[in-house]
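Reading through the structure tokens given below for one structure.
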């Protein structure tokens with residue numbers, strides 16, 4: 001007859017480095033996404049193509065932003081000023097698309 005007695009469930013992660021079950025029985029683990037991120041960035045750059053000019057894109061965005069807020073009437077200008085003062089919108093000409 002065996003004299004071995006087991007007093008509870010067996011922990012399948014016991015002895016594995018980095019595996020520490022919490023009170024809910026879940027096991028922590030890490031995933032390194034570095035290779036995936038490098039691949040994703042390479043795919044984005046390939047999709048943009050060799051003619052993509054980030055400086056020209058930013059310049060065009062700044063011109064569009066300036067055009068958007070040009071020619072405002074008094075009420076619109078007050079609203080813009082209030083939104084800028086509240087930090088909701090960036091100041092015109094600040095070079096930022098968002099606060």
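The values are calculated or read from the model by the stated rules, or taken from the named source; none is laboratory data. Predicted, not measured: the structure shown is a model, and the values here were computed from it. Neighbour counts run over all protein chains shown; Cβ positions are idealised from the backbone, glycine included.
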Pairs, first within 14 Å of residue 94 (Cβ to Cβ) in region 57-78, second surrounded by 12 or more Cβ atoms within 10 Å (Cβ to Cβ) and at pLDDT 90 or above, C-beta under 8 Å, six or more apart: 69/80
Close pairs (6 angstrom Cβ cut-off, 6 or more residues apart or separate chains): at positive phi and assigned to a loop (DSSP other than H, G, I, E, B) in region 86-99, modelled with pLDDT under 75 and surrounded by 10 or more Cβ atoms within 10 Å (Cβ to Cβ) anywhere: 87/99
Answer from 63, 37 - the residue that is modelled with pLDDT of 85 or more, within 30 Å of residue 77 (Cα to Cα) and surrounded by 10 or more Cβ atoms within 10 Å (Cβ to Cβ): 63
